[in-house]
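Visitor: Please read through the structure below; I'll follow up with questions.
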Amino acid sequence: EQITETDQLLPSYSNQLRVMLEQVVQEYLPAANEPVGVFLSGGLDSSCITALAAKLHSGPVHTYSIHFGSQCPNELEYSSLVAQHCQSQHHILEISFRQMWEKLSETMAWLDDPIGDPLTVPNLLIGRLARESVQTVLNGEGGDPCFGGPKNQPMLLHQLYGTVAEQDSLQAYLLAFKKCASDLPQLLKPEIWRAVKQEPYVFSQDLESTASWLNRLMALNIKFKGADHILTKVNNLTQAAGLQGRSPLFDQRIVEYSMQIPPEYKLSGTEEKAVLKQAVTDLLPREIIYRPKSGMMVPVQLGFSQYWRRQAKALLLNRKAAIAAYLNQSLIRNWLSYRGDPWQRYGVKLWLLVSLEMWLQGNK
């Protein structure tokens, strides 16, 4: 289907989106007498799915949220507000640093690819909690790729003010994830880096189309992060927990319609997901719809600085480690020994590496 951008007004798009959301969620619900679950972070995406499930389902609605203990920031204030507003049966799971490490190897064994998202272990654990009360669970995955999430803002501003040339757009996209993209020349062994840098980015053509810049970013997010990362993770780990996991915002009809919505209705100035917010404005408290997005942050920086350093050294610096053939272990040793500015985000990078090592060990 050819994607076109039209000049319809925001209310027209939001009204049509609401109709489609209700249709999709209704189709994803189990039989009327069966309970349904929703993974609820307290953000806009999972909250709107919770509200739609509560509105459309005649059976019990269960919601599930996580946190990492009193020493770590959490979103329980907002998820509890949504659960109360929607009158769901709310379940809260505290995940310890010990559980995160102990369950990582098992979690990676359920994945087809070495996904380094720190939420993989929490996804598995909360799925097992949900399986105690439901067989079908919905989630809010897809809101950012389809409707303009926070990672789009910096690149859009650079594009608007002309500070990113077209030839730099791919690297800017990768750096927006703030993980290991800029470290690859030092992290990979020289012969590996020489081979890798000669290969074209598999998604480069998606940023070279004639569509608007925002729609190019979103199409890339849907393919690269959505299909290859989020949906794979959600599908495999909900199955591992014995659940049927469903992602209404990643339904093909929603994705295709989102690409027909003009960019200014997705990211309106600095307001993210304007069209989605208007579509569900009557379903949720105002403080949920308009609060700044913070995202579900797993405290991996704290984990490596206080809990996992010894185990990570034994895993990653072993001469027989699977990654030893590809990666510079001296650089990894520096990351593991670093005790300076916490904003260096070495925790996120190290989690990627321990996830990769455990996945490789399980797939020899």
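Visitor: Which of the lysines could a cross-linker bridge to K197, judged by Cα under 22 Å and excluding same-chain residues fewer than eight apart?
Guide: Candidates past the 8-residue exclusion: K178, K179, K189, K223, K225, K349.
Visitor: Tell me, in nm to one decimal, what length is gained between S70 and R333 on full extension, where the rule is 0.36 nm per residue of separation less the Cα-Cα distance? Working shown, then result.
Guide: Numbers: separation 263, 0.36 × 263 = 94.68 nm, distance 3.01 nm.
Extra length available between S70 and R333 comes to 91.7 nm.
Visitor: Please work out the C-alpha center-to-center distance from region 132-146 to region 214-277 and express it in whole Å.
Guide: If you average the Cα positions of each part, the centres end up 11 Å apart.
Visitor: Nearest 5 percent is fine: what portion of the DSSP beta bridges confined to region 1-152 is antiparallel? Before the final figure, lay out the partial values.
Guide: Values: 0 of 12 bridges.
The antiparallel fraction comes to roughly 0 percent.
Visitor: Give me E272, E22 sorted ascending by neighbouring Cβ count inside 10 Å, so fewest comes first.
Guide: E22, E272
Visitor: Compute, for region 5-129, the length of the dipole vector about the Cα centre, with Cβ point charges of +1 (Lys, Arg) and -1 (Asp, Glu) only. Units Debye, rounded to 20.
Guide: My answer is approximately 420 debye.
Visitor: With the Cα gyration tensor of region 60-154 giving a ≥ b ≥ c as the square roots of its eigenvalues, does the rule (a/c under 1.5 for rounded; else a/b larger than b/c for prolate; else oblate) give rounded, prolate or oblate? Spell out each step's value before the answer.
Guide: Details: a/c = 1.39, a/b = 1.10, b/c = 1.27.
It is rounded, given that a/c, with a ≥ b ≥ c, falls under 1.5.
Visitor: Please list, or write none, the lysines whose alpha carbon is within less than 27 Å of the alpha carbon of K55, excluding same-chain residues fewer than 8 places away.
Guide: Cα-Cα hits under 27 Å: K266, K273, K277, K293.
Visitor: What trypsin sites (Lys or Arg not before Pro) does region 308-350 have in DSSP loop regions with at most 16 other beta carbons within 10 Å? Intermediate values should be presented prior to the final figure.
Guide: On the way: sites: R309, R310, K313, R319, K320, R333, R339, R345, K349; in loops: R319, K320, R339, R345.
Passing both the DSSP loop test and the Cβ count: R319, K320, R339, R345.
Visitor: To make sure I understand, if each residue's beta carbon is the centre and we count other beta carbons within 10 Å, what order do L317, L217 fall in, fewest to most?
Guide: Numbers: L317 15, L217 26.
Going from least to most buried by this count: L317, L217.
Visitor: Given a Förster distance of 22 Å, report the FRET efficiency between R98 and Q361 from their Cβ-Cβ distance, rounded to the nearest 0.05. Please list the in-between numbers first.
Guide: Working: r = 20 Å, r/R0 = 0.92.
Rounded to the nearest 0.05, the efficiency is 0.65.
Laboratory data are not the source of any read-out in this text; all were calculated from the coordinates shown. The shown structure was predicted, so the numbers you read here are calculated from the model rather than taken from an experiment. Cβ coordinates were reconstructed from backbone atoms using ideal geometry, including for glycine residues, and neighbour counts include every protein chain displayed.
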